[in-house]
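> If you scroll down you'll find the structure; I have some questions about it.
The values are calculated or read from the model by the stated rules, or taken from the named source; none is laboratory data. Since the structure is predicted, the reported quantities are computational estimates derived from the model, not experimental observations. Cβ sites come from the backbone with ideal geometry, for glycine too, and all protein chains shown count toward neighbours. Calculation scope for accessible area: heavy atoms of the full protein, side chains included, ligands and nucleic acids excluded. Shrake-Rupley method; radii C 1.70, N 1.55, O 1.52, S 1.80 Å.
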Amino acid sequence: MSTRIDYYKSSPDAVKAMMGLENFVNKSGLEKALLNLVKLRSSQINGCAFCVDTHCSEARKDGESERRLYAVAVWRETPFFTARERAALAWTEAVTLLSQTHVPDDVYQDVIKSFSEKEMVDLTLAIITINGWNRLAVSFRKTPI
């Protein structure tokens, strides 16, 4: 598979706008480990090899265990994640698969137990942002380096 275009070069202002969202998310106060899990899970769902590779590497640099990273795709079947992380992963899946799930009430009820209203908005923006990056990387065939 070869890269189609380099969107960083083709539209630097668009990338700058995306980086603004990314910077907001990273400064939102949500735990770095939680954001890494969210970014990884969304990227797995979207089939974004570049982002899966990137976020696994970032998570490892931030001290995440390989065992937990391997288990993100099957998080429901493992005991490795906290209630807050589980709620965030369920929310991530529901928001990423929006057209299929319409973000069910039970998922909302679980996430509101573990996150403040501000944190829920920030978490949702984190999911929106990684979905945007995934769509750029997949559409233009950005590959891991």
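> Going by what's in this entry, would Arg4 be described as in contact (Cβ under 8 Å) with a residue 60 or more places away in the chain, open to solvent by 60 Å² or more (accessible area, probe 1.4 Å) and over 17 Å from Glu93 (Cα atoms)?
Answer is yes for this residue.
> Could you grab me the full set of residues in the stretch 13-29 that are within 16 Å of His55 (Cα to Cα) and open to solvent by less than 60 Å² (accessible area, probe 1.4 Å)?
Glu22, Val25
> Follow-up. Ala90: touching a Gly at 6+ places or on another chain (Cβ under 9 Å) and open to solvent by 10 Å² or more (accessible area, probe 1.4 Å), yes or no?
Judged against the criteria, Ala90 is not a match.
> For Lys39, state whether it is outside any loop (DSSP other than H, G, I, E, B) and open to solvent by 30 Å² or more (accessible area, probe 1.4 Å).
The answer is no for Lys39.
> Scan the stretch 48-61 and give yes if some residue there is in contact with a His (Cβ under 7 Å, 6 or more places away or on another chain), modelled with pLDDT of 95 or more and crowded, with 19+ Cβ neighbours inside 10 Å, otherwise no.
Looking through the stretch 48-61, none of the residues is in contact with a His (Cβ under 7 Å, 6 or more places away or on another chain), modelled with pLDDT of 95 or more and crowded, with 19+ Cβ neighbours inside 10 Å.
> Tell me, which helices (runs of 4 or more DSSP H) wholly within the stretch 56-145 include 2 or more residues that are of a type in the set (S, T, N, Q)?
Because the criterion is at least 2 residues that are of a type in the set (S, T, N, Q), the helices (runs of 4 or more DSSP H) in the stretch 56-145 that meet it are 83-96, 98-101, 105-114, 117-139.
> Pick out the one residue from Asp122, Asp110 that is touching a residue at least 40 places away in the same chain (Cβ under 8 Å) and surrounded by 15 or more Cβ atoms within 10 Å (Cβ to Cβ).
Asp122
> Do the conditions hold for Ala73, that is, is it more than 11 Å from the chain's Cα centre (by Cα), within 25 Å of Thr3 (Cα to Cα) and open to solvent by 30 Å² or more (accessible area, probe 1.4 Å)?
no
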